[in-house]
Amino acid sequence: MAAEDTVVKYPIITDDTGKAIAGALQAIAHDKVGALKADWDGLARISRDGLAPYMLGIGDQITSEWTDPDGGTKYDVANDVCHFSAELELQDGEKLPGTILQWHHTLPFGTQFDQKEAFYACPDGLAAGTYHLTMGIAWGTNCVKGKVHQFTLTKDVPAGGVLAGMEYAPDRDCTTWQVKSFKTVSDESPIETVAMSVGGEGTDLGTIGSKPDGNMNSIYRCAYGYNRWSQSALRQYLNGKGTNWWAPQNKWDRPPEYVKKHGFLDGIPEAELAAMRRVKVVTGAPYCEEGTDNEPVLDTTYDLVFLPSLEEHFLARNESGMNGKEGEAWEYWARIAESGAPLALWKTYPQLITYAINGKTSPQGVFLRPARRSYGSHVFGVYASGGVGGSNAQDAIRCAPARAI
């Protein structure tokens, strides 16, 4: 057959025709986006199939409802499309593409990251009497290394009880410190409250320092709460249902102020909840307790709801040993930063301010997920001013929850 008579049944797609087809498909996709944004099952399917980047854009908003299960108020929630992940690891080990969504506004109330913990565990009980302990570190004005403090219990502490106290220790004169005894870590009402004073009388309980030792907790944790995401009350609340979502995560753990609230998940509609996936979340432990700044100990949790890390929020970690450990930068926050490099800590950036869902002109401080790892009590966050720094775990500030679908 002559060359001029050749019939090409399957012509090669040229750049121009490829672009035309892609453009047509994109136009069809955009035409469907409005309906898709109200279809959580459809969103989940295109997300796990890796098609979300072709249907949605970074910064697009998916609107849903959250009903405060305690007050009954319904809120229209704008969920920002923050990131398209090529691979999210599920709890069973399966790895799939996914889409990260985050509330554009904060919760309508503040939540402690974690409550101030007890300082001494009494697995075998503790008889009434006088006891003392030694401060093992220098911290602030009032924690003086080597200084001895004493107190007298007038009532026995039963087996499984705890002693709490030294709240706000570095910032309050030691003559104001108290000791509260509890039957269990979960009890809200103490057996008794007694004064603490300078002195070394009675039985020696040991030294309290920067990390737990036997039955003695860390001074950081009992003064200002624990900054470890894996053990935090906030993680339990955000992933909880009903009113029994909190459980002690260690032998000193204490219930947060909002322990009687229903879990956050109770406010999410069932269709949206069904689209959410429990994904692997990695967070560095405070190196004042475990590991070092260059060789971090990493906690792995599998969460339906979580908060961004510094890197995910496009903020500089300032620890070479942590680079890349707590996730990749979310493109949404990289765009918000208006910077070619992650934003530095301890500076103020108005573009990072987050506003309240129940007061959309009211700027709020928000918790992020990571610990300030040189301490056992400080959690990184963004202040109401847009400043990036650390807050005490026991502070009742707000957060903007994130989910993966």
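Couple of notes before you dig in:
- Condition met for Ala384 (under 17 Å from the mean Cα position of the chain (by Cα) and more than 19 Å from Phe84 (Cα to Cα)): no
- Remark: Gly284 falls outside the filter, which requires a residue to be under 19 Å from the mean Cα position of the chain (by Cα), over 21 Å from Gly125 (Cα atoms), surrounded by 21 or more Cβ atoms within 10 Å (Cβ to Cβ) and without any contact (Cβ under 8 Å) to a residue 60 or more places away in the chain.
- Of all the criteria given as (1) free of Cβ contacts under 8 Å to residues at least 60 places away in the same chain; (2) assigned to a helix (DSSP H, G or I); (3) within 28 Å of Ala371 (Cα to Cα), the one not satisfied by Thr175 is (3).
- When the strands (runs of 3 or more DSSP E) confined to the stretch 298-380 are screened for residues that are in contact (Cβ under 8 Å) with a residue 40 or more places away in the chain and acidic (Asp, Glu), those reaching at least 1 such residues are found at 298-303.
- Residue in the stretch 342-365 that is under 22 Å from Glu94 (Cα atoms), in the same structural domain as Asn79 (by TED's automatic domain parsing) and among the basic types (Lys, Arg) present: no
- Top-ranked residue of the stretch 381-405 - restricted to ones that are hydrophobic (A, V, I, L, M, F, W, C) and part of a strand (DSSP E or B), ranked as surrounded by the fewest Cβ atoms within 10 Å (Cβ to Cβ): Ala396
- Qualifying residues in the stretch 88-143 (those that are farther than 21 Å from Met166 by Cβ and in contact with a helix residue (DSSP H, G or I) (Cβ under 6 Å, 6 or more places away or on another chain)) - the one surrounded by the most Cβ atoms within 10 Å (Cβ to Cβ): Thr99
- Hits in the stretch 46-85 (condition: of a type in the set (Gly, Ala, Ser) and in contact (Cβ under 8 Å) with a residue 24 or more places away in the chain): Ser47, Gly50, Ala52, Gly57, Gly59, Ser64, Ala78, Ser85
- Tabulated pairs, the stretch 156-171, first touching a residue at least 24 places away in the same chain (Cβ under 8 Å), second among the β-branched types (Val, Ile, Thr) and surrounded by 15 or more Cβ atoms within 10 Å (Cβ to Cβ), C-beta under 6 angstrom, 6+ apart or interchain: Val162/Val185; Leu163/Val179; Gly165/Val179
The values are calculated or read from the model by the stated rules, or taken from the named source; none is laboratory data. Quick caveat: nothing in here was measured; it's all calculated off a predicted structure. Counting neighbours? That spans all protein chains shown, and the Cβs are built from the backbone with ideal geometry, glycine included.
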